[in-house]
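Trainee: Dropping a structure here in structure tokens format, bear with me for questions.
The values are calculated or read from the model by the stated rules, or taken from the named source; none is laboratory data. Since we're looking at a predicted model, the values are computed, not measured. Don't worry about glycine lacking a Cβ; one is built from the backbone with ideal geometry, like all the others, and counts go over all protein chains shown. All accessible areas refer to the heavy atoms of the entire protein, side chains included, with ligands and DNA or RNA removed. Shrake-Rupley method; radii C 1.70, N 1.55, O 1.52, S 1.80 Å.
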Amino acid sequence: MLLNMRENNTPLCQREKERDRLPPIFNHSTSVLERGPKLPYPSISSLMSSANQKRDAAGRCLSSPFILPSIKHGYIAGRELPPLCPEVKQKHRITIDILPPEVKARLSSEPVIPLRTKTTKEFLEDMDRATVSGDWRMVHEFYWTTFGSFLELNAAFKKEANAPFNMTEDSGINTKFVNAVYDALPLTPPDTQKAVLKGIINCLLREWKGRRTKDDLRAYFILVQNPQCTSPATYVIYAHLLRQVAALAEADLYVLMHWLKKLSSKRLKHLVERVHLFISTRLFPSKPEELPPLAKCSWWIPSATKVLSLLNAANSLSSRPLLPYADFYNPSLELTDYMEDYRSWQAQGPSTRFTFCQFPFILSAGVKKAIIQRDSEQQMISTARQSLVDKVSRRQRVDMSLLFLNIRVRRLQLVADSLDELTRNRADLKKKLRVTFVGEAGLDMGGLTKEWFLLLIRQIFHMDYGMFTFQKDSHCHWFSSWKCDNNSEFRLVGALMGLAVYNSITLDIRFPPCVYKKLLTPPVPPCNPDAPVGMATLSLDDLQQVMPDLARGLAELLNYEGNIEEDFCMSFQVCHEELGIVKSYNLKSGGDKIPVTNQNRKEFVQLYIDFLLNKSIFRQFAAFYHGFHSVCSSDALMLLRPEEVEVLVCGSPNLDMSTLQRLAQYEGYSKTDPTVRAFWEVVLAFPPEMQKKLLHFSTGSDRVPVGGVADLNFKISRMDVSTDWLPVSHTCFNQICLPPYKTKKELKQKITIAMSNSEGFGLE
């Protein structure tokens with residue numbers, strides 16, 4: 001304010017003369033840069049700012065049309081601009097039009113990007129010449145200049161320096177040129193590669209104030225793709241780059257996310273792999289002396305994980321994900337104390353302490369399964385202990401059976417008995433499951449439990465039972481939409497799925513993926529039992545997985561170029577068949593009187609999808625949802641993707657018999673015995689359907705657990721009996737027992753008979 005008062009008391013002509021004595025704008029002497037911290041590579045905007053501070057100190061009063069590069073919307077460095085000098089009349093105000101040409105050329109609202117005209121073709125020609133001649137000076141100069149600052153990065157790779165670009169859909173970067181430059185970098189001499197790293201250091205060490213500009217985001221987008229960051233020698237630089245990207249504002253991250261989704265699957269995969277390698281090396285360095293002490297760089301892993309979260313979001317944002325979700329798993333986390341991480345995540349509440357469970361996409365399905373199993377075991381132990389304490393406190397006789405969820409069923413009344421048993425033992429659902437078939441001798445060591453699940457699921461999902469319909473086109477089951485006052489059997493199916501996850505048993509259930517989306521909506525049951533559940537936001541792609549023909553018809557409706565109202569005569573009322581009876585439903589209030597037009601067809605399609613997959617089966621699915629969560633109510637479910645829930649419930653359908661042969665164990669046989677060699681020759685020659693039957697016969701399920709065939713612990717044992725006997729399986733131990741058959745033909749015949757008649761026979 002004092003400066004303004006002095007300026008106002010100075011005659012205008014004197015101020016004009018003082019202005020003429022100011023140092024020229026292009027003077028890069030120390031006097032121009034002495035105010036503020038010195039930067040390694042002063043930018044044009046910083047030079048302009050310093051020059052303008054000198055002019056202000058000299059007593060010159062500028063009018064509002066003179067806008068400095070750092071001034072936006074009337075603010076400079078967070079403060080309002082000083083008022084215009086009241087003594088200066090309007091006609092005497094200095095405007096940009098009367099400034100000297102050398103000053104006027106340097107003024108702009110954004111930093112001036114140098115003009116660079118090198119094309120991809122010219123760069124590749126330079127590389128070819130350098131490779132042949134051995135003279136790398138031109139290539140070295142290009143790399144040194146380009147990676148020296150954010151401005152130079154934009155100058156080299158931006159399509160047009162001043163062209164407007166759609167910030168979310170078009171980065172304005174010549175990605176083909178970026179790829180060519182990075183692909184050629186490993187072929188250059190070591191000095192050139194070091195020059196690039198030094199340039200990146202200069203970029204990252206610059207002092208940035210306020211929000212990042214659009215060109216800054218473009219520079220980060222380019223730098224994060226650098227392929228050099230694969231060794232510990234570059235990790236300090238890489239860590240600071242990741243930290244700056246992770247610290248960007250939400251709006252900036254949103255823009256970066258849209259740009260990253262435009263990368264090719266190959267480029268995105270390499271980027272993800274580099275971040276994973278960085279995290280794994282920081283967790284388990286082969287040479288700890290190559291990295292700073294962990295206490296001094298505790299921010300490395302959180303920053304890298306946040307950037308990986310950005311890449312995962314970009315991948316999910318694509319209409320078709322560029323990478324499978326499993327590519328974002330980090331296997332090294334299986335060696336960490338993930339249960340401690342899980343407990344910290346559970347207990348932290350509003351705390352900002354970093355845990356991997358905050359970013360569940362990075363945890364493999366095996367880790368999540370282990371977390372759920374251990375969490376389940378803790379709940380089982382807690383429930384059993386409470387039952388034991390209650391018995392003792394009442395001075396009642398303690399029976400060890402109270403430690404289990406005991407299910408006694410008759411084969412001929414399997415569904416009714418199972419429903420009664422689960423209803424009667426509702427308080428014990430979180431105990432270890434033990435099944436007994438009435439009238440049959442046998443101790444349940446896991447095999448009877450597996451058989452109970454298999455038989456019960458097979459009966460409930462049979463077409464004649466009416467609970468589920470089988471969609472022939474999609475080969476999956478869907479909920480029957482018939483209205484029933486008692487949905488207890490749907491609750492039973494949900495509880496069965498929950499018990500399977502709780503007891504680490506895979507089921508042969510063919511639900512479409514959207515069922516598992518609905519099952520996690522929400523992942524934790526609401527406190528209000530009447531609150532809506534399972535009402536997921538589903539799309540045409542979800543309907544395609546259930547009713548592909550109808551989905552194709554709706555897609556054609558969306559793409560129809562004619563007049564929909566006149567050509568189709570449709571309304572917002574649809575017909576739906578229930579048990580052979582066709583009923584009409586309005587998709588919205590008064591829907592029978594609202595025609596479907598070209599303008600509202602998207603609304604019609606979305607309402608129709610919501611009706612088919614949500615509203616028409618709401619009561620049935622709500623019972624199913626609550627049955628599942630009555631057993632699996634755990635915070636660990638919040639870590640799971642819908643696809644991972646499906647794998648936990650059903651296992652993986654991908655069976656690799658060659659791997660199973662390599663990992664098989666033997667008892668009484670060796671892998672070189674004639675019977676064993678004949679067994680594998682027969683099995684490997686089976687079609688996939690027969691191989692799955694063999695797996696079902698041996699393990700009780702035709703699917704592979706989450707951890708792969710290695711988790712099966714498959715064993716082949718010798719049975720010293722007559723070769724007239726059929727093979728016998730111990731499903732609770734994933735074991736098949738073979739008599740010493742003499743020929744391959746005999747072995748194949750006996751195995752085929754055993755596999756085809758295994759239910760209630762040969763299972764122990």
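Trainee: Report whether or not A313 is under 13 Å from the mean Cα position of the chain (by Cα) and at pLDDT below 95.
Mentor: Here the answer is no, as A313 does not meet what is asked.
Trainee: Still on this structure: Given (1) buried (at least 16 other Cβ atoms within 10 Å of the Cβ); (2) not in a helix (DSSP H, G or I), where does R395 come up short, assuming only one miss?
Mentor: Of the numbered conditions (1) buried (at least 16 other Cβ atoms within 10 Å of the Cβ); (2) not in a helix (DSSP H, G or I), the odd one out for R395 is (1).
Trainee: Tell me, which helices (runs of 4 or more DSSP H) lie completely within the stretch 667-764 with 2 or more residues that are over 42 Å from the mean Cα position of the chain (by Cα)?
Mentor: Fully inside the stretch 667-764 and qualifying: 674-685, 744-756.
Trainee: Still on this structure: Return the residue satisfying two criteria in turn: it lies in the stretch 262-312 and is among the charged types (D, E, K, R) and touching a Cys at 6+ places or on another chain (Cβ under 8 Å), and of such residues it is nearest to L323 (Cα to Cα).
Mentor: Going through the qualifying residues, I end up with R274.
Trainee: Separate question: Restricting attention to the stretch 266-310, report how many residues are hydroxyl-bearing (S, T, Y) and modelled with pLDDT under 95.
Mentor: Counting residues in the stretch 266-310 that are hydroxyl-bearing (S, T, Y) and modelled with pLDDT under 95 gives 2.
Trainee: Going by the conditions given, is R218 open to solvent by less than 60 Å² (accessible area, probe 1.4 Å), outside any loop (DSSP other than H, G, I, E, B), in contact with a Cys (Cβ under 9 Å, 6 or more places away or on another chain) and charged (D, E, K, R)?
Mentor: Here the answer is no, as R218 does not meet what is asked.
Trainee: Of all the residues that make up the stretch 496-543, how many are more than 22 Å from the chain's Cα centre (by Cα), polar (S, T, N, Q) and surrounded by fewer than 21 Cβ atoms within 10 Å (Cβ to Cβ)?
Mentor: So the answer is 3.
Trainee: Filter the stretch 287-312 down to the residues that are more than 22 Å from L253 (Cα to Cα) and either among the acidic types (D, E) or open to solvent by less than 50 Å² (accessible area, probe 1.4 Å) (or both) and list them by number.
Mentor: Across the stretch 287-312, the qualifying residues are E289, E290, L291, P292, C297.
Trainee: Looking at the structure I just gave you, is T469 assigned to a strand (DSSP E or B) and open to solvent by 10 Å² or more (accessible area, probe 1.4 Å)?
Mentor: When the stated conditions are applied, T469 passes them.
Trainee: Can G553 be described as over 28 Å from the mean Cα position of the chain (by Cα) and on the phi > 0 side of the Ramachandran plot?
Mentor: no
Trainee: Select from the stretch 426-461 the residues that are polar (S, T, N, Q) and touching a strand residue (DSSP E or B) at 6+ places or on another chain (Cβ under 8 Å) and write down the one among them that is surrounded by the fewest Cβ atoms within 10 Å (Cβ to Cβ).
Mentor: Step by step, filter the stretch 426-461, then rank; the result is T436.
Trainee: Surrounded by fewer than 19 Cβ atoms within 10 Å (Cβ to Cβ), at pLDDT below 95 and at negative phi: is that true of K262 in this structure?
Mentor: yes
Trainee: Which of the following residues is crowded, with 18+ Cβ neighbours inside 10 Å and touching a residue at least 40 places away in the same chain (Cβ under 8 Å): K748, K715, K744, K692?
Mentor: Only one candidate passes the filter, namely K748.
Trainee: Could I ask something else about it? For the stretch 598-607, give me each residue that is surrounded by fewer than 15 Cβ atoms within 10 Å (Cβ to Cβ) and in contact (Cβ under 8 Å) with a residue 12 or more places away in the chain.
Mentor: Across the stretch 598-607, the qualifying residues are N598, K602.
Trainee: Let me ask something else. Take the residues in the stretch 643-670 that are polar (S, T, N, Q) and in contact with a helix residue (DSSP H, G or I) (Cβ under 6 Å, 6 or more places away or on another chain); name whichever of them is least open to solvent (accessible area, probe 1.4 Å).
Mentor: Going through the qualifying residues, I end up with T659.
Trainee: Residues that are farther than 27 Å from K430 by Cα: find the helices (runs of 4 or more DSSP H) completely inside the stretch 476-552 holding 2 or more of those.
Mentor: So the answer is 540-544.
Trainee: Could you please give the count of residues in the stretch 567-577 that are part of a strand (DSSP E or B), open to solvent by less than 90 Å² (accessible area, probe 1.4 Å) and out of contact with any helix residue (DSSP H, G or I) (no Cβ under 9 Å at 6 or more places or on another chain)?
Mentor: Count: 1.
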